[in-house]
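Okay, so here's the structure we're looking at.
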């Protein structure tokens, strides 16, 4: 109790220590140069509005993106792109704000940091960082403490605070600029009323559909293709220069000898495994895939056929090596047969790793354990201190559970305890104070420990495939000039793969992992060049050739020829359909001519372009709302089909005037996405952005 009291008395000091540690984890990269960028020189990685963007500011933004929760499952190239987009957006907002006189004054910044006027004003960067350990809520006194002692803070904490401040200012500029844009837009009551009336009017429609795919292809001449290309050249533009590549892979596959060697290695290990005193340590030393712990299983839970065979043998027996379906070899040992509870009942108090270091958590939990031993109710302490929101409201109660339901460290502590035991246990979630409140009958449980070995290619096997790649690259670089890379590959019975429209910032070619160096090479190569380097991409040795350069501007006719043919054919098929039904324009006649059924759909609404069974069809919806009931429409051309319809009935619109709240709701809906999808796109187009990350990443 005394220790806990001292911790409370020094709450501010504690949160600074904890905050410093947390910040060091989250924001260390803000004050370092990740990836050794400084060693690459001081050149800019691009420019915007004619001003250079230097490596340091981009690396800070990249580090920020990498440390966000949302980026954890992203590939490296995606993180790089997100960082670039964020940096560009921030610079556009700052430039535009400065041009119109927007500013964030000192008093406003102080409110973003502390929320002295209203807690709702605190920037999320500050509210998620300055957390009081007792209340688990934002504490502006902690912010004020940092501000008052700013000159005495070490360089790391100053940098942390300034970065939090800069992010808060940036978000504030963005909010202000967005607000100004939205304030300049307005939805009148008449407009809102019209939207409400359109939403209330639905139609029942009969229609026939004639898919373009149901009409045989019609011949397209070269003159028609050339004429279409010239007249529609603006539709065939390349926004940026890209490259097409061809490549051949030599995949390294373990040999029969490699397989034999792994089997022999495990055969020798089986004797040592049999004599091992610490089976799990032995397995961890030799296995290809480390397993944190092996479970204790009831007999009916042993479902692996080999394990079932093993538990009928003597304790300590080793089975294997035997091969698994994934190609690995396995040794399994009947390691333990023990009496353990069938199930236990327990409760806990968790101090999670986000709020506490392990040492701090253990100090607090030892004090809480002493309080429980002195008679303080465990449940009350759990409700006050536990970070497990699911169980704290029940006094930390977890109920009864069997083995296999909890993380290994937690579970082992519970199933090796007696009723009433109090144990402090660290897990991946933090540190727990566990009390076992119930233990069921003891039953036999089995532990099978196993170690697996992957069959990997030996250096000799890798050399064999590398030599093949080397022979190929030598031949490809010495082939006659009039022989293409693909022709030479075919002559060597090699499969040619390709990737098209590769841009400078692409990180991986097709299905090749770690192939960024290939992308860099193709943008340094000349058309038709074959790489002098054999690239190692995962288990593949790769030889590459630059097959096409797609320059910025007009796309080459040959590269878009198939698109043009499809477009012309669609027009010809539309004309063919028109001629076939020109005499009798009824749904019945059209359905007979094209062997298609007449369908009916309900709920066609002018406020929604999606039609049941038709999909997104704005032309279809537009015609429904423009023709009279029982009138057959003209041909309606959509992307994949031609439609003819007749409106059976329309519900009458409800002629109501929109209320002020309805007008505001519709106005908000109209503004949704406008800033980021429209305004920012226009600003980007006029920002003169030059992207030269390619030279550094």
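Odds and ends about this structure:
- Taking other Cβ atoms within 10 Å as a rough exposure proxy, 185, 505, 680 sort from fewest to most as 185, 505, 680.
- Hydrodynamic analysis of the chain uses the Kirkwood radius over alpha carbon pairs. Inserted into Stokes-Einstein at 25 °C and 0.890 mPa s, it gives a translational diffusion coefficient of 73 µm²/s.
- As a rough footprinting exposure proxy, the listed residues 233, 245 were ranked by other beta carbons within 10 Å of their own, and the order from fewest upward is 233, 245.
- For the chain, averaging the sequence separation of C-alpha pairs within contact (under 8 Å, six or more residues apart) and dividing by the residue count gives a relative contact order of 23 percent.
- Kirkwood-based shape ratio for region 377-459, expressed as Rg/Rh from alpha carbons: 1.15
- Simple spin-label estimate for residue 155 and residue 616 in nanometres, 7 Å along Cα-Cβ: 5.3
- Degrees between helix 55-66 axis and first principal axis of the chain (Cα, 0 to 90, nearest 10): 70
- Taking every alpha-carbon pair in region 256-340 and binning the separations at 10 Å intervals from zero gives 15, 50, 30, 4, 0 percent.
- Theoretical gain in end-to-end length, residue 288 to residue 672 [0.36 nm per residue, Cα-Cα removed]: 133.1 nm
- With a Förster radius of 35 Å applied to the beta-carbon distance between residue 557 and residue 85, the computed FRET efficiency rounds to 0.60.
- Per-pair calculated FRET efficiency, R0 = 25 Å: residue 639 and residue 198 via Cβ, rounded to 0.05: 0.55
- Two-site label geometry, residue 325 and residue 241: point separation in nm, points 7 Å out along Cα→Cβ: 5.0
- Simple label model, 7 Å out from Cα along Cβ direction - residue 440 to residue 514, nm: 4.8
- With respect to the chain, whose longest principal axis is taken over its alpha-carbon atoms, helix 459-477 is tilted by about 20°.
- Three-way shape label, region 539-602, alpha-carbon gyration tensor, a/c 1.5: prolate
- Nearest 10 degrees, 0 to 90: helix 557-580 Cα axis against the chain principal axis: 60
- One chain, two ends: residue 49 and residue 460. Fully extended at 0.36 nm per residue, the span grows by 142.4 nm beyond their Cα-Cα distance.
- Here 598, 100, 215, 473 are placed in order of increasing Cβ neighbour count within 10 Å, fewest first, which gives 100, 598, 215, 473.
- Residue-span extension gain [residue 685 to residue 358] - 0.36 nm each, minus C-alpha spacing: 112.7 nm
Each reported figure results from applying straightforward, stated rules to the coordinates on display, with no laboratory input. Not measured: the values here are computed from a predicted model. Don't worry about glycine lacking a Cβ; one is built from the backbone with ideal geometry, like all the others, and counts go over all protein chains shown.
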